[in-house]
Amino acid sequence: AAAELTWGLVLAAMRQIPQEVAALKTGVWQTGVWHTLRGKTLGIFGYGRIGTVVAGYGAAFGMNVLVWARQESLERARADGYAIASNKAQLFAECDVLSLHMRLVDATRAIVSAADLARMKPSALLVNTSRAPLIEPDALVEALRAGRPGMAAVDVFEQEPVRDPNHPLLTMSNV
């Protein structure tokens, strides 16, 4: 179910479905140009059970899959035919869609830094359906405000449950 959730968020964000629905409800028909996935680069950060499935969906959509993970996971990704990033910085800089797939343990807490996010393209989408604390505290909101990455699709938050309708991630148009 987590892989399907990830892809639901990717498709909704890249096709701007929430924005199109909101526009349609006000009587505006087809407001924008959508982004295709074919030929884009999908980054998989963490190549376990879920990351493997998400990578497969990306390949099915015609995406180039680039993986960064622990050494044994990189060997599995290479055997599965996927490209391996030379380092974490390359993964963040080259991907059009970057999806996080790691367990939250001491070694992965804040593994995604503000500097990592700043390397992303202004047109890139960051997807996090794993755990919010994988990202350095407050770094995602600040990065989105700075325009790198250009979009985020998340179903996890630093403080849960989120009950404040003014939470930045709920009010930003690029989330």
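The values are calculated or read from the model by the stated rules, or taken from the named source; none is laboratory data. Since this is a predicted model, take the numbers as computed values, not measurements. Counting neighbours? That spans all protein chains shown, and the Cβs are built from the backbone with ideal geometry, glycine included. Please note that ligands, DNA and RNA were not included when accessible areas were found on the heavy atoms of the full protein model with its side chains. Shrake-Rupley method; radii C 1.70, N 1.55, O 1.52, S 1.80 Å.
Observations on the structure shown:
- Among residues of segment 15-59, those that are at pLDDT 90 or above, among the hydrophobic types (A, V, I, L, M, F, W, C) and part of a helix (DSSP H, G or I), counted: 5
- Residue within segment 108-122 that is closer than 26 Å to Thr171 by Cβ, over 13 Å from the mean Cα position of the chain (by Cα) and hydroxyl-bearing (Ser, Thr, Tyr) present: yes
- Against the numbered list (1) open to solvent by 60 Å² or more (accessible area, probe 1.4 Å); (2) more than 27 Å from Arg38 (Cα to Cα), Val141 comes up short only at (1).
- Of all residues in segment 132-155, those that are in contact with a Ser or Thr (Cβ under 7 Å, 6 or more places away or on another chain), modelled with pLDDT of 95 or more and not small (Gly, Ala, Ser) total 2.
- When the residues of segment 25-68 are filtered to those that are open to solvent by 70 Å² or more (accessible area, probe 1.4 Å) and aromatic (Phe, Trp, Tyr), the one that is farthest from Val112 (Cα to Cα) is Trp29.
- Test result for Ala107, surrounded by fewer than 16 Cβ atoms within 10 Å (Cβ to Cβ) and not in a loop (DSSP other than H, G, I, E, B): no
- Segment 1-11, subset closer than 18 Å to Cys95 by Cβ and not aromatic (Phe, Trp, Tyr), residue most open to solvent (accessible area, probe 1.4 Å): Leu11
- When every residue of segment 116-134 is checked against the conditions, none turns out to be of a type in the set (Asp, Glu), surrounded by fewer than 17 Cβ atoms within 10 Å (Cβ to Cβ) and either out of contact with any Pro (no Cβ under 8 Å at 6 or more places or on another chain) or more than 20 Å from Val10 (Cα to Cα) (or both).
- Members of segment 70-96 that are part of a loop (DSSP other than H, G, I, E, B) and under 15 Å from the mean Cα position of the chain (by Cα): Cys95, Asp96
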